[in-house]
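One structure is given here, and the rest of the page talks about it.
The values are calculated or read from the model by the stated rules, or taken from the named source; none is laboratory data. All values derive from a computational prediction rather than experimental measurement. Please note: Cβ atoms are built from the backbone with ideal geometry, for glycine as well, and neighbour counts cover all protein chains shown.
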């Protein structure tokens, strides 16, 4: 089953994992230390994030490290950009309205 990246980032634990590995690559055990859940639960989240290609595994010796896939994160940013433009436009309209109201009060 192909997973959707937006379903993957909808989960707060997975967003926290992304935040942690955005700073540095981490092993599953190192990641699990940051959560009040089992190592298996964290592994399931890692599997979903890997299937969505938001993170990837890198073998270093006997350890597996997970690191962020920046290109996949860019896909999310591109999708969000359309909303960012709408929000900025609405904030500009609000600023203009507030400025007009200030001028009227004077």
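Do we have any residue at all in segment 84-92 that's surrounded by 10 or more Cβ atoms within 10 Å (Cβ to Cβ) and either within 18 Å of the chain's Cα centre (by Cα) or under 21 Å from residue 26 (Cβ atoms) (or both)? Yes, the conditions are met somewhere in segment 84-92.
Here is the figure for segment 17-37: residues that are part of a helix (DSSP H, G or I), touching a helix residue (DSSP H, G or I) at 6+ places or on another chain (Cβ under 8 Å) and farther than 17 Å from residue 73 by Cβ total 4. The requirement of being assigned to a helix (DSSP H, G or I), assigned by TED's automatic domain parsing to the domain that holds residue 7 and either at pLDDT 90 or above or closer than 19 Å to residue 25 by Cα (or both) is satisfied by residue 40. For segment 45-57, does any single residue satisfy the condition of being over 16 Å from residue 8 (Cβ atoms), out of contact with any strand residue (DSSP E or B) (no Cβ under 8 Å at 6 or more places or on another chain) and assigned to a helix (DSSP H, G or I)? No, because not a single residue in segment 45-57 is over 16 Å from residue 8 (Cβ atoms), out of contact with any strand residue (DSSP E or B) (no Cβ under 8 Å at 6 or more places or on another chain) and assigned to a helix (DSSP H, G or I). Residues in segment 52-83 that are touching a residue at least 40 places away in the same chain (Cβ under 8 Å) and within 21 Å of residue 29 (Cβ to Cβ): 54, 65, 66, 67, 68. Filtered by the rule that a residue be in contact with a helix residue (DSSP H, G or I) (Cβ under 9 Å, 6 or more places away or on another chain) and closer than 17 Å to residue 4 by Cβ, segment 50-68 gives 51, 52, 53, 54, 55. The condition of being out of contact with any strand residue (DSSP E or B) (no Cβ under 8 Å at 6 or more places or on another chain), part of a loop (DSSP other than H, G, I, E, B) and surrounded by fewer than 10 Cβ atoms within 10 Å (Cβ to Cβ) does not hold for residue 71.
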